[in-house]
Each structure stands twice: as C-alpha cells, then as structure tokens.
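The values are calculated or read from the model by the stated rules, or taken from the named source; none is laboratory data. Since this is a predicted model, take the numbers as computed values, not measurements. No Cβ is skipped: glycine too gets one built from the backbone with ideal geometry, and neighbour counts run over all protein chains shown. Just so you know, the surface numbers come from the protein's heavy atoms only, side chains and all, with ligands and any DNA or RNA stripped out. Shrake-Rupley method; radii C 1.70, N 1.55, O 1.52, S 1.80 Å.
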Amino acid sequence: MKSRHVAQAAAVTAFLTIAALLVGAEVRLGQPDGLTVHEWGTFTSVAGEDGNSINWNVLGGNDDLPRFVNDNYHCIKGLLAGSVRMETPVLYFYSARPMEARVHVSFPQGTITEWYPQADQSSGIEWKNLKIEPGTSPVYPVEKSPSHYYAARATDAAPVTAGSQHEKFLFYRGIGSFPIPLSARVAADGSVAVANRTAGPVPTVILFENRGGRIGFRTTAVTDTITLDRPSLDAAFPQLRSHLESALVAEGLFPKEAAAMMETWRDSWFEEGARLIYIVPSRTVDEVLPLEISPAPAQISRVFVGRIELITPATLSAVQQAVAVNDHAVAAQYGRFVEPILSRLILANRVDRQLAQRFRAGVPYQGRSCQ
C-alpha cells in the first residue's frame with residue numbers, strides 16, 4: 001500500500017513538473033523578440049444637429065498639463081480651429097535590451113500642439129535617437145500641482161530618454177479636422193441615432209449620461225445604423241469602468257495600460273452631460289496618425305477611444321436655465337462645451353444673443369495661461 005502511495009505521489013509530482021515546464025515554455029514563446037510598442041489616445045468631437053462633427057473651441061477646457069510639457073499653441077488659440085481634439089496619445093516601449101529608435105508620427109489633417117519629451121516638429125512630430133532603457137530608474141519630472149498627466153506612468157513600460165529629458169512614454173496632443181468613424185444625431189426624446197461611416201464594425205460603443213451625479217449607460221457594437229434610447233440613470237461607476245477597461249484590453253492594451261488610461265480620463269469622460277464613448281477602429285487611427293518606428297517593432301497595438309459630446313434636450317434645458325439666472329456653476333460643469341451649447345440655443349431662439357454673450361464672457365478660461 002505504501003509503495004502505491006509513493007508511486008501516486010511520484011506521478012503527481014511528475015505531472016506538475018511537466019505542467020510547469022509547459023507553462024514556462026508558453027510564457028517564453030508568448031514574449032515577442034525585439035521591440036513591442038503600445039499606444040493609447042482619445043479623439044474628442046462635438047456632434048451637430050445633423051449628427052456630424054462641428055468646429056468648436058478645441059483648445060479650451062481645463063488643462064492641467066505640467067509646465068514642463070512643450071506647448072506653443074494655446075497663446076494663439078484664436079488662429080487655430082478644428083473639429084477634433086486629439087488628446088493625450090502616449091506611446092509605450094517594451095524591450096528586453098537597451099536600444100535606440102526613431103519615432104515619427106504624421107498628422108496630415110491636423111497640427112501637433114503639445115508634446116514631451118523634446119522632439120522635432122516637421123510634418124507631425126519626430127523623436128530621433130530615442131533611447132529605450134529597460135531596467136533603469138531615471139528621475140522623471142514632477143511638479144507640485146496635481147495633474148492627470150502622471151497617471152500614464154503606472155505601467156511596466158521601459159523608460160525613454162530624448163536628449164536630456166526622461167519619461168515613461170512619448171506624449172503628444174493635437175487638433176485637426178478629419179472624418180470620425182461615427183455620426184450621432186440626437187432626437188427630441190433624447191435617443192441617439194448612431195451611424196457607422198467606416199467599412200467595418202465599431203466593436204464597442206457606449207452611450208453615457210451623467211445628471212447630477214446619477215449615471216447610466218448603454219453599450220453595443222455598431223455595424224451600420226442603430227438607435228440607442230436614453231439610458232436609465234441607475235448604473236454604478238465600477239461596473240462601467242470594468243466594462244471599458246476590459247474592452248481596452250481586448251483591443252490590445254496591457255491591463256496596466258488600460259487602467260492608466262482610465263485613471264487619466266475618468267474625470268473627463270464621465271463628467272456632467274451625455275456622450276458617446278467608442279473604440280476607434282485601428283485602421284482609422286493608422287489613417288489619421290501614420291506611425292513610423294525604426295527599427296520596426298515586432299508588435300504594435302494602437303488603441304484609441306473616441307468621445308462624441310452630445311448636445312441633448314436635457315443639456316440644452318440645463319444651460320438655458322443657467323443663462324437665465326447667470327449661474328456659472330452650471331456652466332463650469334459643461335466646461336469647454338459651453339460655447340457650442342450656447343450657439344445651439346441662440347440658433348433656436350431659446351436665449352437672447354447678447355445675454356448669452358455676457359454669460360459666455362463670465363465663464364473663466366480654463367486652459368493654459370500665456371505667461
């Protein structure tokens with residue numbers, strides 16, 4: 001009997017050893033040789049009455065970028081117009097060994113407005129002789145003022161160095177005018193007709209609404225055209241965050257990257273109002289932002305989230321009432337989107353033009369100062 005138990009124990013031990021070896025082999029085989037590059041970013045737009053993107057104050061809004069980030073455009077914001085704000089693309093690099101690379105991002109239908117670390121601006125932006133330095137722990141710049149910028153560092157990516165500046169990623173932003181994958185037309189009852197203008201499906205589309213801290217959302221894929229009813233405001237944020245993070249990972253981000261993206265944008269994506277949040281098809285990202293890296297990476301994942309701000313009947317009513325009583329606290333809730341909302345109210349003769357202009361003038365500019 002004892003020998004039988006010994007034999008069984010030996011068999012179990014052998015099985016576990018073989019399983020461990022197989023798992024180890026799978027992990028090693030799953031690690032690509034050479035360079036792996038992951039990127040995330042956001043395309044933000046505002047839907048007009050016909051559902052298509054409109055021009056708006058793309059450089060407005062609450063900008064908490066650290067002062068060390070390069071920014072040459074906020075002080076000439078009146079000279080720049082666009083329909084899409086390209087927000088916070090970050091490029092992460094993973095390599096088993098130190099290496100140098102050249103990274104060039106083109107933006108043929110737009111302008112790069114902010115970036116870090118130092119780079120050359122030509123037809124887009126370029127980092128020459130970028131040093132990718134796995135296993136090192138450089139000191140990254142930090143300022144006393146809080147900023148969502150720092151959340152993007154919470155990943156396992158290798159540090160990078162351009163010139164004398166160190167960071168955990170390459171960061172850039174811009175503005176442009178280009179077709180986005182979806183149109184979104186809001187009906188009088190608050191429902192939204194969503195039309196896919198690309199050749200393939202948009203895998204994740206979320207209709208989100210926040211009214212006074214109560215939130216709701218509906219999620220779907222969009223192949224051609226679909227109408228989404230206004231969501232009931234009885235959802236919980238953890239449920240929404242988990243759903244969106246899972247979608248980002250399914251599209252190719254590492255879990256820590258998805259969490260960093262959510263932490264960066266949670267205050268903005270889920271603020272007061274209504275919007276569509278969707279995963280931008282990768283082919284659209286490649287068309288809008290052609291990316292060249294040499295030496296060529298073994299694997300690249302580019303995962304962008306689209307945000308379409310919706311001017312719904314509930315939003316129009318809230319801002320109309322705020323204008324009537326000069327309530328700038330309500331205006332602050334809508335931030336950079338107040339201007340297109342007021343324009344819609346003026347065109348509909350729901351507010352007096354001069355009263356709206358005075359109201360707009362009383363809303364403090366929240367972007368970077370020009371000092």
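Rounded to the nearest 20 Debye, what is the dipole magnitude of the chain about its Cα centre when Lys and Arg each give +1 and Asp and Glu each give -1 at the C-beta?
Taking the Cα centre of the chain as origin, the dipole is about 400 debye.
Tell me the mean residue ellipticity at 222 nm calculated for the chain from its helices only (DSSP H runs of n ≥ 4, each -39500 (n - 2.57), averaged over every residue, nearest 500).
After summing the helix terms and dividing by the residues of the chain, the value is -9000 deg cm²/dmol.
Determine the gain in length on full extension of the stretch Lys256-Arg67; use 0.36 nm per residue of separation and subtract their C-alpha separation, reporting nm with one decimal.
Gain in length upon complete extension: 65.5 nm.
Quick check for you: with a 1.4 Å probe and neighbouring chains kept, what is the accessible area per residue of segment 106-220, in Å²?
41
Roughly speaking, what is the stretch gain from Glu49 to Ser177, that is 0.36 nm per residue apart minus the C-alpha to C-alpha distance, in nm to one decimal?
Once the chain is fully extended between Glu49 and Ser177, it gains 44.3 nm.
Heavy-atom accessible area of Trp115 with all protein chains present, probe 1.4 Å, nearest 10 Å²?
Accessible area, nearest 10 Å²: 20 Å².
Could you please state how large a percent of the accessible area of the chain is carbon and sulfur, counting protein chains only and using a 1.4 Å probe?
Reported share for carbon and sulfur atoms: 53 percent.
Could you state the principal axis extents of the C-alpha atoms in the chain, from the largest down, to the nearest angstrom?
92, 54, 42
With a 1.4 Å probe and every protein chain left in place, tell me how much accessible area Ile180 has, in Å² to the nearest 10.
Accessible area, nearest 10 Å²: 10 Å².
Can you tell me how segment 122-244 classifies by the Cα gyration tensor, rounded, prolate or oblate, using a/c under 1.5 as the rounded cut?
It comes out prolate by the Cα gyration axes.
Can you compute the modelled spin-label distance between Thr223 and Gln121, with each label point 7 Å from Cα toward Cβ, in nm?
4.5
Tell me the accessible surface of His38 in square angstrom (1.4 angstrom probe, heavy atoms of protein chains only), to the nearest ten.
It works out to around 0 Å².
Using alpha carbons only, how many angstrom separate the centre of segment 142-166 from the centre of segment 257-313?
19
Across the chain, how many lysine pairs separated by 8 or more positions, or lying on different chains, have Cα atoms within less than 30 Å?
For the chain, qualifying lysine pairs total 11.
Convert 37 °C to kelvin, take the viscosity as 0.692 mPa s, use the Kirkwood radius over C-alpha pairs of segment 239-345 as Rh, and evaluate the Stokes-Einstein diffusion coefficient in µm²/s, rounded to a whole number.
Taking Rh from Cα pairs, D becomes 201 µm²/s.
Output the antiparallel fraction of DSSP beta bridges having both residues in the chain, as a percent to the nearest 5.
In the chain, approximately 85 percent of DSSP beta bridges are antiparallel ones.
Over segment 116-205, what is the relative contact order in percent, taking alpha-carbon pairs closer than 8 angstrom and at least six residues apart?
With pairs under 8 Å counted, the relative contact order is 24 percent.
Evaluate the distance, in nm, between pseudo-label points positioned 7 Å from the Cα of Ser294 and of Phe237 along their respective Cα→Cβ axes.
4.6
Pairs of alpha-carbon atoms within less than 8 angstrom and 6+ residues apart define the contacts here; what relative contact order does the chain have, in percent?
Answer for the chain is 21 percent.
Please state the shape class of segment 179-315: rounded when a/c is under 1.5, otherwise prolate if a/b exceeds b/c and oblate if not, all from the C-alpha gyration tensor.
Oblate shape, in that a/c is at least 1.5 and b/c is the bigger or equal ratio.
To the nearest 0.05, how large is the calculated FRET efficiency for Asn326 and Ser164 if R₀ is 41 Å and r is the Cβ-Cβ distance?
With R0 = 41 Å, the Cβ-Cβ based efficiency is 0.25.
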